[in-house]
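Laboratory data are not the source of any read-out in this text; all were calculated from the coordinates shown. In this text the structure is predicted, and so the values were computed from the model without any measurement. Cβ sites come from the backbone with ideal geometry, for glycine too, and all protein chains shown count toward neighbours.
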Amino acid sequence: MKQFERFTPRDIRRSAKTLMGEAGLSKEIRDRIQGHAFSDVSSKHYDRFDYRTEKQAAMKKWERWLNQQIKPRKKAKVVRLRSAAS
């Protein structure tokens, strides 16, 4: 596992962006969630839509994915083993 000399807010943004992609969110919606500027002519000059509904839906999908990552998928069955001395 990589050790960090120091940790910055950018590290959180990078990790979130990467994991959102793993969760199935498109790069476009990830960029919009993180407030990135789009430099193509249409986005820069004409598209003033806020994409609020799309961003909210993506964040709900992200929440479900995160919850699946932290919840145990299956209850483990504990089996008691006897030691060699028993």
Near pairs, Cβ below 7 angstrom, 6+ apart or cross-chain, from the range 48-63 (closer than 13 Å to Gly35 by Cα) to any residue that is of a type outside the set (S, T, N, Q): Tyr51/Arg32; Lys55/Ile29; Lys55/Arg32; Lys55/Ile33
Looking only at the range 1-47, and only at residues there that are of a type in the set (Phe, Trp, Tyr) and more than 28 Å from Arg64 (Cβ to Cβ), the one that is surrounded by the most Cβ atoms within 10 Å (Cβ to Cβ): Tyr46
Cross-chain or 6+ apart pairs with Cβ under 9 Å, the range 33-46 first and touching a residue at least 40 places away in the same chain (Cβ under 8 Å), then surrounded by 11 or more Cβ atoms within 10 Å (Cβ to Cβ) and of a type in the set (Asp, Glu): none
